[in-house]
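Asks: The structure under discussion is supplied below as structure tokens; questions concerning it will follow.
The values are calculated or read from the model by the stated rules, or taken from the named source; none is laboratory data. In this text, all values refer to a predicted model and were calculated from it rather than measured experimentally. Neighbour counts are summed over all protein chains in view; Cβ atoms, including those assigned to glycine, are modelled from backbone coordinates with ideal geometry. Heads up: the accessible areas ignore ligands, DNA and RNA and are worked out on the full protein's heavy atoms, side chains in. Shrake-Rupley method; radii C 1.70, N 1.55, O 1.52, S 1.80 Å.
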Amino acid sequence: MKGSFFSFTSALVCLCAGPTVLRAQSADPTCRYLPGDEGWPSAEEWSQLNASVSGRLIATIPQGHVCHDPTYDASACAELEQMWSLPQSHFDDPSGFMSAYHQNASCDPYTPRNTTCRQGNYVEYAIEVLEAEDVIAGLKFAQEKNVRLVVKNTGHDYLGKSTGKGALSLWMHNLKSISFSNYTSEPYTGPAVKMGAGVQAFELYEAADKMGLQALGGECITVGVAGGYTQGGGHSFLGGKHGMGADQTLEWEVVTANGTLVTATPTQNSDLYWALSGGGGGTYGVVVSLTAKAYLDSIVGGASLAFTDPTIDPDTLWDTIAFFLETGLPAITDAGAHVQWYVAGPVFGVTVATIPGATEDDMREAFAPFTEYLDSHSIAYQMNVTLFPSFLQHADHYSGPLPYGTIPAAQLQGGIFFPRSGVASNGTALISILRNVTTSTNFYIAPYALDVSRAPSSPNAVNPAWRGALAYFMVIQFWNYTVPVSVMHEQERILTEEIMPPLQELGSGAYMNEADVHNPRWREEFYGTNFGKLTEIKKKWDPQDLFYATTAVGSDAWKVGGDGRLCRA
Ligand SMILES: Cc1cc2nc3c(=O)[nH]c(=O)nc-3n(C[C@H](O)[C@H](O)[C@H](O)COP(=O)(O)OP(=O)(O)OC[C@H]3O[C@@H](n4cnc5c(N)ncnc54)[C@H](O)[C@@H]3O)c2cc1C
Ligand SMILES: *[C@@H]1O[C@H](CO)[C@@H](O)[C@H](O)[C@H]1NC(C)=O
Ligand SMILES: *[C@@H]1O[C@H](CO)[C@@H](O)[C@H](O)[C@H]1NC(C)=O
Ligand SMILES: *[C@@H]1O[C@H](CO)[C@@H](O)[C@H](O)[C@H]1NC(C)=O
Ligand SMILES: *[C@@H]1O[C@H](CO)[C@@H](O)[C@H](O)[C@H]1NC(C)=O
Ligand SMILES: *[C@@H]1O[C@H](CO)[C@@H](O)[C@H](O)[C@H]1NC(C)=O
Ligand SMILES: *[C@@H]1O[C@H](CO)[C@@H](O)[C@H](O)[C@H]1NC(C)=O
Ligand SMILES: *[C@@H]1O[C@H](CO)[C@@H](O)[C@H](O)[C@H]1NC(C)=O
Ligand SMILES: *[C@@H]1O[C@H](CO)[C@@H](O)[C@H](O)[C@H]1NC(C)=O
Ligand SMILES: *[C@@H]1O[C@H](CO)[C@@H](O)[C@H](O)[C@H]1NC(C)=O
């Protein structure tokens, strides 16, 4: 398919000009329509859209409706309630998404049966995309009818970027093809995997395993690989050896805002390639497929470690954490590890450290500076070391059980990269802030680290803060669905206004996919020095700002009102 099929005779400009018929409408015409507005498409128009996508238009109903009258279903509701905080409750549903903050209790299993299930921030319609033409039809409709557009893959996005009130969603989840090749290009020759936009990490890992290969995806094995993960950067168990998810990209197939299917590589539409590889999901175009590097599979070493004395003296605990940051951790990441750890109350634990190619002895050696410190200070801990013959088995052990695992998705979080160069001057200040957070708030510390300082084989838009970071310090709290939503909103306010600012003073940026949605410094922190260039590329490929997502490049062209309506800023 080539060329463009429609031209935007600029629905928006025409609306803004305000012909009489439009002036009579209730809604401000510089805003996207919501159901109930006179300008909202008629049933017949939706039906025409449906015909143009082979009947795959879905009038979405939030899943939580089974927990509310008049469609209450006791057993379906009980099942949903049990699983609600897990990704698997949401990614197979056309309008499901995981950000509890944006769910906003409008239709969840925890509010009383007799409260109405409201559409809230759930989209109104979704197109189950099975081919590029479906995307093109959806883009055309959203632009011509002035309806908000959303691109959703799995709905993992913590910042709510894959949902929107009153929106038509392009639901990419069922583009599941996976194929392998020996790829040849100037920057890269070697194994590669081409995946449809809906492929999830567990599917990629299983398919690569069958070929004797390994490939990069999320720690949470249900995250979508070609969607927000790779487009936003993507950190992986294998990243300490192979770099970021976005460093793996070879080719993108993309439908652009004007409805053209293009290929973006380091040499063809190279600006779009550059932006898609780390510059943020849902912003520059709709990805239909991604071709990424793959690697010969290897043994994979793993380790976990946890303190076992709940009465540990707090000063001893924090001196030990300081040693870990200054000496223990750099030794582990220098050995090629991706490391995930946490501090919750008196417990310090490394949940998983991963080094592709490492033996059990290699793992112990990488940890030796830290374990020698623990031994010499008589700090009680338990450590497990693993060696699996393949990456798939490692992922199954630490993130499984396959296929979906049990990592909850409902949380509040903020995060900050701490530069390795800052340890000597600001390490002490960092430790004292983290200590205060764990003692004076309901949040805990869940950082991870990997060394991705090596430049990728093709330049990309990954936030430069990744390359020099000691670690990404996340501050998190699991969402509590049993308290009123206002209580959690207050926790979010505390996060943004009280907890994050002192950390931001010391830090050097944030990971857009695992950040505080209300971070007022999102432009510089999520994109760093790339923000200006990304803005130019956004203007070129999406001049009318059809693609909107919270904190995405170009999102300042829009504002979400108190009623959830998306309006031109
Ligand atoms: C439990 C959990 C664990 C996680 N673990 C990791 C991890 O280990 N490493 C890591 O780096 N991140 C991790 N993340 C964060 C994850 O990378 C982001 O949530 C990411 O946005 C998910 O991408 P998605 O496509 O699956 O999700 P979605 O929510 O569906 O989409 C995310 C964004 O990408 C856009 N998008 C999706 N598909 C397309 C497409 N085809 N074309 C254009 N835009 C698209 C959407 O519009 C949205 O803006 C985790 C998240 C959760 C909830
Ligand atoms: C669509 O956009 C691309 C990139 O800006 C441009 O090359 C192409 O000519 C456009 N097509 C039409 C019909 O506007
Ligand atoms: C679209 O058409 C299909 C097939 O005719 C139908 O099952 C479906 O309900 C329609 N969707 C909408 C939103 O009407
Ligand atoms: C949550 O819902 C309330 C009540 O409908 C609304 O006022 C508020 O703006 C919503 N918040 C978000 C983040 O959607
Ligand atoms: C819902 O039911 C409870 C008792 O079960 C009752 O107190 C409440 O008033 C009802 N709310 C509505 C909106 O009907
Ligand atoms: C790539 O090349 C290797 C070595 O020649 C071969 O064994 C393998 O099957 C090829 N892979 C694919 C997907 O063609
Ligand atoms: C080590 O493994 C044992 C047995 O599986 C488990 O009970 C324990 O929690 C593990 N400890 C750590 C720190 O992973
Ligand atoms: C240390 O923190 C200060 C702010 O408190 C900051 O200005 C400085 O750049 C930081 N130093 C390093 C090396 O990051
Ligand atoms: C949620 O809050 C309630 C009330 O404060 C508390 O009893 C419960 O332990 C909390 N649950 C979680 C998972 O934090
Ligand atoms: C400790 O943290 C709380 C909550 O973020 C904050 O209000 C307080 O100022 C902090 N105290 C110190 C000494 O940093």
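Asks: Considering only residues that are hydrophobic (A, V, I, L, M, F, W, C) and crowded, with 24+ Cβ neighbours inside 10 Å, which ones fall in the range 216-240? Break it down into steps so the answer makes sense when it comes.
Replies: In the first step, residues of the range 216-240 are kept if they are hydrophobic (A, V, I, L, M, F, W, C); the result is 216, 220-221, 223, 225-226, 237-238.
Listed by number, the residues that qualify are Leu216, Ile221, Val223, Val225, Ala226, Phe237, Leu238.
Asks: I need the full set of residues from the range 414-439 which are within 25 Å of Leu159 (Cα to Cα) and open to solvent by 10 Å² or more (accessible area, probe 1.4 Å), in order please.
Replies: Of everything in the range 414-439, those that are within 25 Å of Leu159 (Cα to Cα) and open to solvent by 10 Å² or more (accessible area, probe 1.4 Å) turn out to be Pro419, Ile433, Thr438.
Asks: I would also like to ask the following. Kindly check whether there is at least one residue in the range 229-248 that is more than 11 Å from Leu276 (Cβ to Cβ), part of a strand (DSSP E or B) and under 10 Å from the mean Cα position of the chain (by Cα).
Replies: No: zero hits.
Asks: Taking Phe526, is it touching a residue at least 12 places away in the same chain (Cβ under 8 Å) and open to solvent by 10 Å² or more (accessible area, probe 1.4 Å)?
Replies: no
Asks: Checking the structure you have, find out if any residue of the range 554-568 is surrounded by fewer than 15 Cβ atoms within 10 Å (Cβ to Cβ), under 24 Å from Thr265 (Cα atoms) and away from ligand 9 (no atom under 16 Å from the Cβ).
Replies: no
Asks: For Ser95, are the conditions met, namely being more than 16 Å from ligand 6 (Cβ to nearest atom) and either under 25 Å from Leu261 (Cβ atoms) or surrounded by fewer than 24 Cβ atoms within 10 Å (Cβ to Cβ) (or both)?
Replies: no
Asks: Hey, another quick one. On the basis of being assigned by TED's automatic domain parsing to the domain that holds Val53 and surrounded by fewer than 14 Cβ atoms within 10 Å (Cβ to Cβ), does Asn121 make the cut?
Replies: Here the answer is no, as Asn121 does not meet what is asked.
Asks: Still on this structure, I have one more. Just checking, which of Asn269, Asn258 is among the polar types (S, T, N, Q) and within 20 Å of Ser555 (Cα to Cα)? Give the derivation first.
Replies: Values: Asn269 fails: within 20 Å of Ser555 (Cα to Cα).
The unique qualifying residue is Asn258.
Asks: Only one of Ile407, Ile445 is away from ligand 1 (no atom under 16 Å from the Cβ), within 24 Å of His518 (Cβ to Cβ) and in contact (Cβ under 8 Å) with a residue 24 or more places away in the chain; which?
Replies: On the way: Ile407 fails: away from ligand 1 (no atom under 16 Å from the Cβ).
Of the residues listed, the single one that is away from ligand 1 (no atom under 16 Å from the Cβ), within 24 Å of His518 (Cβ to Cβ) and in contact (Cβ under 8 Å) with a residue 24 or more places away in the chain is Ile445.
Asks: Then there is this: Of all residues in the range 204-215, how many are in contact (Cβ under 8 Å) with a residue 40 or more places away in the chain and either open to solvent by 10 Å² or more (accessible area, probe 1.4 Å) or assigned to a strand (DSSP E or B) (or both)? Break it down into steps so the answer makes sense when it comes.
Replies: Applying the first criterion (in contact (Cβ under 8 Å) with a residue 40 or more places away in the chain) to the range 204-215 yields 205-206, 208-209, 211-215.
If we keep only those that are either open to solvent by 10 Å² or more (accessible area, probe 1.4 Å) or assigned to a strand (DSSP E or B) (or both) as well, we get 206, 209, 211-214.
Qualifying residue count, the range 204-215: 6.
Asks: On to the next question. Checking the conditions here, which among Thr311, Thr316 is in a helix (DSSP H, G or I) and outside the structural domain of Gly243 (by TED's automatic domain parsing)?
Replies: Checking each option against the conditions leaves just Thr316.
Asks: Among residues belonging to the range 52-70 that are under 32 Å from the mean Cα position of the chain (by Cα) and surrounded by fewer than 16 Cβ atoms within 10 Å (Cβ to Cβ), point out the one that is farthest from ligand 1 (Cβ to nearest atom).
Replies: Top of the filtered list is Gly55.
Asks: Of all residues being over 23 Å from the mean Cα position of the chain (by Cα) and assigned to a strand (DSSP E or B) in the range 249-266, which is farthest from Leu450 (Cα to Cα)? Just the residue, please.
Replies: For the range 249-266, the residue satisfying everything is Leu261.
Asks: OK, next. Looking for whichever is away from ligand 10 (no atom under 16 Å from the Cβ), among the charged types (D, E, K, R) and closer than 20 Å to Ser458 by Cα here; the options are Lys152, Lys161, Lys194, Lys165. Which one fits? Please lay out each step first, then the result.
Replies: Numbers: Lys152 fails: closer than 20 Å to Ser458 by Cα; Lys161 fails: closer than 20 Å to Ser458 by Cα; Lys165 fails: closer than 20 Å to Ser458 by Cα.
Only one candidate qualifies: Lys194.
Asks: Among the candidates Leu387, Leu412, single out the residue that is over 30 Å from Ala510 (Cβ atoms), away from ligand 2 (no atom under 16 Å from the Cβ) and touching a residue at least 12 places away in the same chain (Cβ under 8 Å).
Replies: Leu387
Asks: Select from the range 395-412 the residues that are in contact with a helix residue (DSSP H, G or I) (Cβ under 7 Å, 6 or more places away or on another chain) and either among the charged types (D, E, K, R) or open to solvent by less than 10 Å² (accessible area, probe 1.4 Å) (or both) and list them in ascending order.
Replies: Ala395, Gly405, Ala409, Ala410, Leu412
Asks: Name the residue that is farthest from Ile221 (Cα to Cα), counting only residues in the range 135-170 that are open to solvent by 10 Å² or more (accessible area, probe 1.4 Å) and of a type in the set (Lys, Arg).
Replies: Restricting to residues being open to solvent by 10 Å² or more (accessible area, probe 1.4 Å) and of a type in the set (Lys, Arg), the top hit is Lys145.
Asks: Test of understanding: among Ala192, Ala142, which residue is of a type in the set (Gly, Ala, Ser), under 30 Å from Ala557 (Cα atoms), touching a Leu at 6+ places or on another chain (Cβ under 7 Å) and not in a loop (DSSP other than H, G, I, E, B)?
Replies: Only one candidate passes the filter, namely Ala142.
Asks: Quick test for you: out of Asn269, Asn182, pick the one residue that is more than 16 Å from the chain's Cα centre (by Cα) and at positive phi. Write out each step before concluding.
Replies: Details: Asn182 fails: at positive phi.
Checking each option against the conditions leaves just Asn269.
Asks: Tell me the residue from Val287, Val262, Val255 that is hydrophobic (A, V, I, L, M, F, W, C), over 24 Å from Ser399 (Cα atoms) and surrounded by fewer than 23 Cβ atoms within 10 Å (Cβ to Cβ), please.
Replies: Working: Val287 fails: surrounded by fewer than 23 Cβ atoms within 10 Å (Cβ to Cβ); Val255 fails: surrounded by fewer than 23 Cβ atoms within 10 Å (Cβ to Cβ).
Being hydrophobic (A, V, I, L, M, F, W, C), over 24 Å from Ser399 (Cα atoms) and surrounded by fewer than 23 Cβ atoms within 10 Å (Cβ to Cβ) holds for just one of Val287, Val262, Val255, which is Val262.
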